[in-house]
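To start, the structure itself, in structure tokens.
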């Protein structure tokens, strides 16, 4: 279990505070909330693919309110331009100079709602931001605030007027998962909790931005053995050798799986990475990065099932 190390124990306390706040709003989603916090604290971004009304926007707002972060929501539409995201220079006639007006991407937490409804040109405006925490605008590099976290959403059942995310864009997301429907009893609890007002009204900041940065540094201090590093590489390499896969996962997937496993192990109370954390996160971290061949798609094979088979087939380090 976690040793008496100040930064690690403080990081666990920060995670617990955030999880407690989010669970007041997102009922019945405990483990999914830990996945989100694992991506958040490891410096990754999240793609939520779910039907409308499952709480994607509420989750993003609750996280922003919990850490007193600057929150921006962008509704992606076909007519959205890159400048609508990044910002634009405006001429000041009084001073006879151009003044840069920053776009909504200059925030701590960005909700990219229905990201697949924007054109590929607009989607690509997020590539540099998500990979390097900076944007290149008019030959100038502008740094984004720290921390910077993107939660993007897309509807899995509505494809009319959408642009599928290209592989390069999908690879920038640390995880892709769904919130899904809750049980009947949990849905009744949601009705009770929102009988008079929305629980978001009672969400108060429980951690500071400085504590979030401490959390991200603490995740890096979670130990991982060389055997588990080989295990991660074996999982990723197996996707490149699968007969059903045209495009396997890249080394970025290996790095992401390691970092997210470090974060989840911390969340579960360990100062070292466990095989269970790697196996639990394999599907949300790897599956969306795979490009299946046409025959597999027509046969109804899903990338999630391929990753599960790989996890089940490889021996776990002792």
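Bear in mind these aren't lab numbers, they're just calculated from the coordinates by the rules spelled out. Small disclaimer: the values here were computed from a predicted structure and weren't measured. Ideal geometry is used to build each Cβ from the backbone, glycine not excepted, and the neighbour counts take in all protein chains shown.
Only helical runs count toward this figure. For the chain, summing -39,500 (n - 2.57) over DSSP H runs of n ≥ 4 and dividing by all residues gives -13500 deg cm²/dmol at 222 nm.
Rounded, prolate or oblate for the chain? Axes are the square roots of the Cα gyration tensor eigenvalues, ordered a ≥ b ≥ c, and the cut-off for rounded is a/c under 1.5. Don't skip to the answer; put the middle values down first.
Values: a/c = 1.37, a/b = 1.18, b/c = 1.16.
Rounded, because the longest to shortest axis ratio a/c is under 1.5.
Would you work out if region 50-104 is rounded, prolate or oblate? Take a ≥ b ≥ c from the square roots of the eigenvalues of the alpha-carbon gyration tensor; rounded if a/c is under 1.5, else prolate when a/b is larger than b/c, oblate otherwise. Because a/c hits 1.5 or more and a/b fails to exceed b/c, region 50-104 counts as oblate.
Over region 114-234, what lengths in whole Å, largest first, do the semi-axes of the equivalent ellipsoid take, defined as the square roots of 5 times the eigenvalues of the alpha-carbon gyration tensor? Don't skip to the end; give the middle numbers.
Details: eigenvalues 176, 124, 84 Å².
Working from the Cα gyration tensor, I get semi-axes of 30, 25, 20 Å.
Please work out whether region 164-297 counts as rounded, prolate or oblate from its C-alpha gyration tensor, where a ≥ b ≥ c are the square roots of the eigenvalues and a/c under 1.5 means rounded, while otherwise a/b larger than b/c means prolate and anything else oblate? Oblate. Pairs of Cα atoms nearer than 8 Å and 6+ residues apart set the relative contact order; for the chain it is 24 percent. Taking 0.36 nm per residue of separation and subtracting the Cα-Cα distance, full extension of the segment from residue 7 to residue 95 would add 26.8 nm. Extension gain, residue 252 to residue 181: 0.36 nm times the residue separation minus the Cα-Cα distance gives 22.5 nm.
Summed over all non-identical Cα pairs, the Kirkwood treatment of region 222-318 gives a radius of 13.5 Å. On the principal axes of its alpha-carbon atoms, region 52-182 has extents of 57, 34, 24 Å, going from largest to smallest.
FRET efficiency for residue 70 and residue 192, Cβ-Cβ distance as r, R0 = 30 Å, nearest 0.05? Can you show the working numbers first?
Numbers: r = 32 Å, r/R0 = 1.07.
Approximately 0.40, to the nearest 0.05.
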